[in-house]
Structures are given as C-alpha cells and as structure tokens.
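Read-outs throughout are calculated quantities, based only on the coordinates presented, and are distinct from any laboratory measurement. This one's a predicted model, so the numbers in the text were calculated from it and none came from an experiment. As a convention, Cβ positions derive from the backbone with ideal geometry for all residues, glycine included, and neighbour counts pool all protein chains shown.
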Amino acid sequence: MRIYLMLAALSVCSRSVGQDFYDPNTIQEIKLTFFQSNWDALLDQLKQSDESAYLLAKSVEINGEIFDSVGVKYKGNSSYNASNQKNPMHIKLDYVRDGQDYHGIADVKLSNGFSDPSMIREALSYSILRKYMDAPRANFSKVWMDGTYWGVYTNPQGINKDFVRDHFYSDGENAFIKCNPAFAGGPGGGGGYPDLVYSSADSTAYYSKYELASDYGWAELLQLMLVLKNTPDSLENIMDVDRAIWMLAFNDVFVNLDSYTGAFGQNYYLYWDENDRFLPIVWDLNMSFGGFRNLGTGGGGGGSLTLAQMQQLDPLVQANNASRPLIQKILAKPTWKKRYLAHLRTMLEENFSTQDYLSDADAMQDLIDADVQADTKKFYTYDNFKKNLTQSVSGTGGPGGGTSVGIGELMNARYTFLHNNANLTLTAPDISLISHEPASPVFDETVWIAAKVDNATSVELAYRFNTPRIFVKTAMLDDGNHHDGAAGDGIYGASIVTASAKVEYYIYAENADAGRFSPERAEYEYHTFPVMALLPNPGDVVINEILADNKTGHIDENGQNEDWLELYNNTGQNINLGNLYLSDDATKPDKWQFPADANIAAKGYLVVWLDEDGSQGPLHASFKLKASGEFVMLSDGATQVLDSISFGQQDADRSFGRYVNGTGAFVFMPTTFGAENKLTSAVHEQEDSGSDIALFPNPAYESLMISDVGAAPLERIEVYNAQGQMVINRPDLISSVASLDVSSLAPGIYIAKIGEKRSKSFAVQH
C-alpha cells in the first residue's frame, strides 16, 4: 500500500540560528587571567605593531567553564585607544588548542561601548536587523581582568566561517571578503575606501581597501565591481540584490552611517554563496542610531550632520553618488528602487509606529542596569546611560567628545519625517486572499497560486523548492486563463509544478509609483505550503551501492575522498525523497533527512556523501560509515523501512553493491559511481580474451562451470582475485568442461585464466 506523508509547515517562515551564548535575555560572565601583570601594555604594543598578533593568556573562564592557552588581542579602529582602560577585545579559545571552544564558539568578540552612552545601540540594532536578513546575534558580558571587575561589554557574534556555515548552507571555504580598509589604509590612512568602485584590473590596487578572509576572492570582487560599472542590470547574476536592498534600507532608516552608506563605505562583508553570487553581511553596529554622523561626499570627507539633518536624512541618500555604485545602480533601476522603498517602509512601520523599539531598548537597559552602575571603567556616567535612550547627552568627555544623540530623540522625529516623505506616501498595491489549489498537492503535480491584488500593473510570483536555492520568478496574470477567475477581476494566478516536499514563495506587485511584498519581509520571510509526498514501496528506491573506504576514488565537490552511498530508482516514475531518511542507527531512523528538493529520476541514481559534514552541500549526510562494517537504512524516519544493508569489513576503493543492478544481492565489485552496477571493470574487460569460453553461473555461488565452446580441452586453469593473488590452481585438466569449487572464496570479482592466452572474469556471491 502506498502511503502519503505531509511535511508540517507554517504559513510564513524565515531562517534563524540560535546559540545560548548570545541569548539576548542573558548576561555572560567572562574572567580573564594573564601570565604578566603588565598585560594591558603588552596588548597595546601588539595592537600597534601587529594587528593580527595575540597575547597568550593563562586562562579564561566563561560562565564557570575554564579554558587555558587562549589568545587575547585588542581590536577596533576608532573604538580602540591606548589611553583607554576599557578597549574592545577578541578572545581566541583555539589559539593553541585546536578545537577548543565554548559550546561551539571559538572566537569571542567584546565591544567596549565606545561612543554610546546608552550601551545598547549594537545589541538593539542587531535584534532589529535580524528580522530582515541573516545577521549576528548580540547580548552583553560582564568582564573581569586578573580578578578586577572591568565592566559591561557588548557581546556580538563574530562574522566568520562558523557564521557562514550556520546561515548560508556552505562550508565557509568560498570567497569571503572583509570590506574594511586594511590596517595600513582606511579612514585617514590614505588607502581609500571599500566602496565597490572599479579602478583597475590589477587586484593589488585594492589591497588597502579590502581584506580577504578566504584563500581567494579578488577575481570575484573585481567581477562584481565591473558589473556595477558596465552592466548593472545583470547585478542579480553576481549578488543577492534583495539582501543588498535590505542592508541599504537599514542603513538609511536607522542612520547607520558607519557603513557603506556613510563617509567610509565600510563595515560589511561579502560572501560568495553556493549559488555563485555575493551575499552582503552587515557588521559593527555600535555607532548606529546616529552614533556616527559623517555622510561624506565623493568617497570621504565632509562634515558631521546635525541632529536635524539626521532626523531628515533623505531615504534616497547617495542615489547620485558615483562613489557608492551599489546604491546608485540599485536606485537607478525603477523596480529595484520600488523594492528598496517597500523594504524601507516595512522597517519603518514595524519598528516605530508602535514604539516597540523603545520598549525593547528599555528592557535591554534594565537587564544591564546594575552592572553598568557598578562599572567604574565606562566612558560615560550612569546618568548619561539612563538619559541617552531618549535624549541627547553632551559634554561627556568620552571618546569623540561632543554630543551623543538620544535614540528616541532621533528616531521619533525620523519616523515622522519618513512617514510623511513623498517617496513613501505613494500608494502601493494591496495583496490579499492568497491561495493555492489543489489544497493538498502531491509531488510532481501542477499547483495554481492565486492572489487578490489591487492597484497593480504587474504581479510576480517568486518560488523555490528548498531554502538554499534562489527564488525563481514568474509573472502572475489576470487574464482568465491562469485559474484567476474572470479576466480583469483583480485576481492574479500562476502555476508551478511541485518538485519537493514543500514550496516556499512570495508575491511582489507594483504599479507606476510603488511596490509591495507579501509577506512584507520577503525574501527573508516567505509563504510556504507542504506537498504530499508519495512514500515509495519497498523496492521502489533501494540502496544500490556503498563505498565505505574511499582512499583514491571519486571526490566530492570539495575535492575530498569521502564515503558514499548510491540509491537507485527501480520504477518508471520520478520520486521525491524529501520525506525520507538515512541512518546508521536503527534506534534513530531519522538521523539524516533528505533535502526537500531531493529527487531521483525514473531508473536513475542519486549519490549521498556520508561524511558528517552537512555544511559542504545538501547531499552530505550527518554520519559516516565504518570500513570495519556496520549498518545503514533508508526509511520514512519512523516505522517504514524501505531498504537496509548490514555489511562487514570493506576493502579500500572497492564497492559493495547490488548485482543485478537495483534488485540483486550485495557483492564486492568495481565502483560504478552513479551508474549501473557491473561485475567487471574496464581493466577486467580488457583482460578478457576468452570469447570461446563460457562461465556459468555468473555470479557463482558454490561452484563455477567452465567450458570451451568448441569442445577443446581446457588445459590449465588458474583463478586470481582483484589483488592479483592466485586463489585456485588446476594444472592438469584434459576435459572441455570443468567444475570449480568457489564456496571458500570471498564475494568479489575474479579472473579465470585458461592456459596461457585466454582469460575471463566472473563474480562470486554467497
């Protein structure tokens, strides 16, 4: 009996990754101990002489867990000063001991509250940004240095390979570019700015502006800059434009000018994802909410903005600035401009119309209130800390001096300005009554998606079958031919053919003036519906071949010799595997689930890498096989086992697979990666020179019959295994037919040599 399975899903989904160390409702405790009493001076010396160098600390205690042999260094540009008692820090837990970490975290970054009397700008900004794009989490830490309380620090998640692995379904080994001026350049250093302006085909021209966090990336970066310069309409081919739009909208709404939008064009990363495009990642938000005031002109310089100028910052700022080509080119294209303004409007209304941001900020301050009050090394007074949430404070004497604008004072007026801005009061389409039919679709079925859309000139459906993929976009029409009701009735429709266990989608509509998304946080959020997946019968999809000791055979997409398992579809229909699981533990059948869009074609093959490294790709399982032998199963993750195999000791680079392909018993054989199982390799076939010799049965079980078709005497018979060792020797045959006892031979491939010139391969299986 065939069984239908349904994957449960919410109507609107988004991606999120959580770690307790960054729980916003907690304060971490970090206690550093040094070997030297002059540790502060040593850290200053290292900061000034070698930006990458660490001081070996005796130990660090994090929430009661103690780690030795850790590295510590001061970090930051404007937030660092040798005269400061309290400088930002980077603690590297695996500095000496590879693999040493705190609940998976090896790098701890601590911000010192520079230029922020409120102490919550960075944590608050990240909490807002994470509603719209993948971004670091942040909370707070209380820090002790050699037994002395050193005060409250912000504890932001680092942007590194771990962050990439957690958020972007990648191993982190792709091109990874830190878009901040290198140590010798940068703001005030004469090295220029990471503004994405193309100036030369020579990558050395950019060394002072960008820093590689990977082994390669200059070619990709230059290609991005060339696209911005020459073919900006093709930007989507090399960058996640929607993510870039969210970043730029955030910078504008929240007056985050220590960013690509501001004078120095900095504080972002670019990561080359598995879809071969750059993903921008925002970082260093300690000076958002007007903490940095320099908008700059032409790539740098310019004076500081006043409070009133920041309150009324143009939503299209830098639109005509050739030194900010990412902004200029996005806002120059009408549909991208409308999408930008739609995202900006969403951020504005969701965070400021109800003053929710102030409630969240107030809760953060309450959490750290007592610890800030006890912090004798903070840059500002406790009174400054309390007031700066809602009002500006001046004459603080802290780094930068001058006035720190109040968060509420800035943003309440900014909300009023933007809410009434001509660019944001244009009437956008209205999207409602979203539906799909059939209501419970099955795999490989046509599904019609419809929506009521008012005041639109074009409507677009964007869909995908698995989260890491790029959304495919197709027009929705109101012509009466797309399950949309009558032509011109405001109902728009489009069809897709299901190709996974779920469908993720959003709708975008626009008119001559404005655009709107549904859901409004798209592409980061999306609608979804499950697809009824037809569970195959046992035997429809089978484990066809395994290689549990891959030394020199096929390599995965990362160039590694990993173990693998091959499935084969015995049927004449495509089958979706999204509701199926692989496991090497019968008590945990749901150990690894196939991706939602994992499909196996009729009479086709699918290879899964068994390497315990899901970050390397969607078809990398969460377990490995043992060459000494074990068990592997294919099931529905609960009660229905579709196939399983127990195996013993495996030989290096020899497969254990079904013969006959798809239905037979398991025997040792040459590898046939993603192809029909055969008992002879190309080498063996070349060795076969006995066209007048018959071997039967093949594969042999207990005995093997050998005969000469022409009834000539067989003479001498020798049998060799795959390693070239003679395992049978019959030197004195005079008959044209012989029977060999092969019951003692291990399953596998063998060569029968008849006389001096004739040979033929066969298999043994028990």
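With the simple spin-label model, which puts each label point 7 Å out from Cα in the Cβ direction, the Leu316 to Asp653 separation comes to 6.5 nm. The simple Förster model, with R0 at 25 Å and r as the Cβ-Cβ distance, assigns Asp356 and Thr403 a FRET efficiency of 0.45. What FRET efficiency do you get for Ala41 and Ser432 if R0 is 56 Å and r is their Cβ-Cβ distance, rounded to the nearest 0.05? For Ala41 and Ser432, the calculated efficiency is 0.30. Would you mind finding the longest exposed-site-free stretch of the chain, with exposed trypsin sites (Lys or Arg not before Pro) meaning DSSP loop and at most 11 other Cβ atoms within 10 Å? In the chain, the maximal stretch lacking such sites is 3-550.
Residues of the range 438-454 falling in the label zone of Thr474, defined by backbone nitrogen less than 20 Å from a point 7 Å along Cα to beta-carbon, are 438-453. For the range 341-444, the percent of C-alpha pairs falling in each 5 Å distance bin, counted from 0 to the bin holding the largest distance, reads 2, 9, 15, 14, 13, 10, 9, 8, 6, 5, 3, 3, 3, 0. For Ser703 and Asn537, the difference between the fully extended length at 0.36 nm per residue and the C-alpha to C-alpha distance is 56.3 nm. Under a model in which nothing but the beta-carbon of Lys, Arg (+1) and Asp, Glu (-1) is charged, the chain shows a dipole of about 1600 debye around its Cα centre. Counting only alpha carbon atoms, the long axis of helix 334-352 and the longest principal axis of the chain meet at about 70°. Since only Leu124, Val742, Ile546 are under comparison, the one whose Cα sits farthest along the positive direction of the charge dipole of the chain, derived from C-beta charges on Lys, Arg, Asp and Glu, is Leu124. Think of each Lys and Arg Cβ as +1 and each Asp and Glu Cβ as -1; about the Cα centre, that makes the dipole of the range 20-161 roughly 340 debye.
Its residues counted as N, the range 164-352 yields a C-alpha radius of gyration over 2.2 N^0.38 Å of 0.98. A straight chain from Asp444 to Asp98 at 0.36 nm per residue would run longer than the Cα-Cα distance by 119.8 nm.
So, R0 is 41 Å and r is the distance between the beta-carbons of Ala308 and Thr335; what FRET efficiency does that work out to, to 0.05?
E(calc), rounded to 0.05, equals 0.80.
If you take all other residues with their beta carbon under 12 Å from the beta carbon of Gln223, and give Lys and Arg +1 and Asp and Glu -1, the sum is 0. Of all DSSP-defined beta bridges confined to the chain, some 90% are antiparallel rather than parallel. The lysines within cross-link reach of Lys678, meaning a Cα-to-Cα straight distance under 21 Å and a gap of 8 or more places when in the same chain, are Lys551, Lys603, Lys753, Lys760.
Taken along the Cα-to-beta-carbon direction at a fixed 7 Å, the label points for Val727 and Ser458 span 6.7 nm. Using the alpha-carbon positions of the range 569-610, Rg (one decimal) and Dmax (whole number) come out as 11.3, 32 Å. The convex hull around the C-alpha trace of the chain, projected and averaged over every direction, spans 40.5 square nanometres. Along the axis of the charge dipole computed for the chain (Cβ charges of +1 for Lys and Arg, -1 for Asp and Glu, origin at the Cα centre), the listed residues Leu433, Phe67, Leu307 are led at the positive end by Leu307. Against the chain, whose longest principal axis is taken from its Cα atoms, helix 39-49 shows a tilt of about 80°. Compared with the dominant Cα axis of the chain, that is its longest principal axis, helix 356-373 is turned about 80°.
Positive end of the dipole of the chain (Cβ unit charges, origin at the Cα centre): among Ala322, Pro697, Ser214, the Cα lying farthest that way belongs to Ala322. Hey, which of these cross-link pairs are over 32 Å Cα-Cα: Lys109/Lys386; Lys473/Lys624; Lys75/Lys624? Violating the 32 Å limit, Cα to Cα: Lys473/Lys624; Lys75/Lys624.
For Glu557 and Glu65, the difference between the fully extended length at 0.36 nm per residue and the C-alpha to C-alpha distance is 173.3 nm. Overall shape of the range 536-669 was characterised from the C-alpha gyration tensor. The equivalent ellipsoid obtained from it has semi-axes of 20, 17, 15 Å, in decreasing order. Over what distance in Å are the Cα centres of the range 235-297 and the range 46-93 separated? Each part's Cα centre sits 27 Å from the other's.
In this label model, His90 and Glu676 are separated by 5.7 nm, measuring between points 7 Å along each Cα→Cβ vector.
Taking every alpha-carbon pair within the range 430-533, the share separated by more than 22 Å comes to 25 percent.
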